Amino acid sequence: MRPGAIDRHKDGSASKTCDGKDDAALTQLTGDKAKAVLDKAQFLSPATSRRAYLLARDDSGVYYYVDAIRKEGDDHHGTNHRVFVGKKGAMKLLPLTDQASDSAGDVFSTKNGDLRLVKNRYDETKVTTQWVKGDKRTELVWLDVDVNSHLIYSDLGVYTFLGTLCDSL
């Protein structure tokens with residue numbers, strides 16, 4: 001996500017800044033002009049109803065990403081998680097065939113393989129992540145979703161519109 005801000009300058013003018021890209025001068029509307037804009041405006045719910053859950057990568061630069069519904073409950077696919085696999089900008093959604101989640105970790109099963117997040121029973125800081133396809137196991141590097149939020153919401157290509165000030169419309 002690009003950082004954005006609305007700035008009011010000493011001369012009373014205002015501008016939108018988006019990290020040097022898509023910057024624009026803003027014009028304040030008053031009276032009937034402001035009312036006309038507000039009457040036409042459509043206020044929407046948050047653009048993304050999903051949150052990052054798991055991010056991992058193999059040594060070839062293939063990313064494994066899982067997101068979840070922000071609110072409690074299931075989405076219309078019968079589960080609240082989605083699995084994406086691929087290179088940056090070319091992630092593919094893999095429909096889940098099964099999901100297991102317990103105190104030892106999570107398993108997200110797809111037709112293409114299983115993404116396994118395994119937690120050490122005695123030390124929660126020791127987390128291993130694997131992609132399992134048949135008999136082949138690929139150890140993955142677990143990536144913190146908070147530290148890598150820019151990668152998730154910008155570079156991976158999973159989300160095209162976030163509803164932020166600097167989204168390209």
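Quick look at the numbers
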quantity	calculated
Built amide H within the under 5 Å cut-off of residue 23, gap 5+	18
Simple label model, 7 Å out from Cα along Cβ direction - residue 127 to residue 40, nm	4.6 nm
Phi to ³J(HN,Hα) by Karplus 6.51 cos²θ - 1.76 cosθ + 1.60 over segment 104-118, Hz, x for Gly, Pro	8, x, 10, 10, 10, 9, 10, 5, 8, x, 10, 9, 10, 10, 10
Distant-in-sequence amide H partners of residue 80 (H built 1.01 Å from N, under 5 Å)	75
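Laboratory data are not the source of any read-out in this text; all were calculated from the coordinates shown. Quick caveat, the model's predicted, so the values are computed rather than measured. Please note: Cβ atoms are built from the backbone with ideal geometry, for glycine as well, and neighbour counts cover all protein chains shown.
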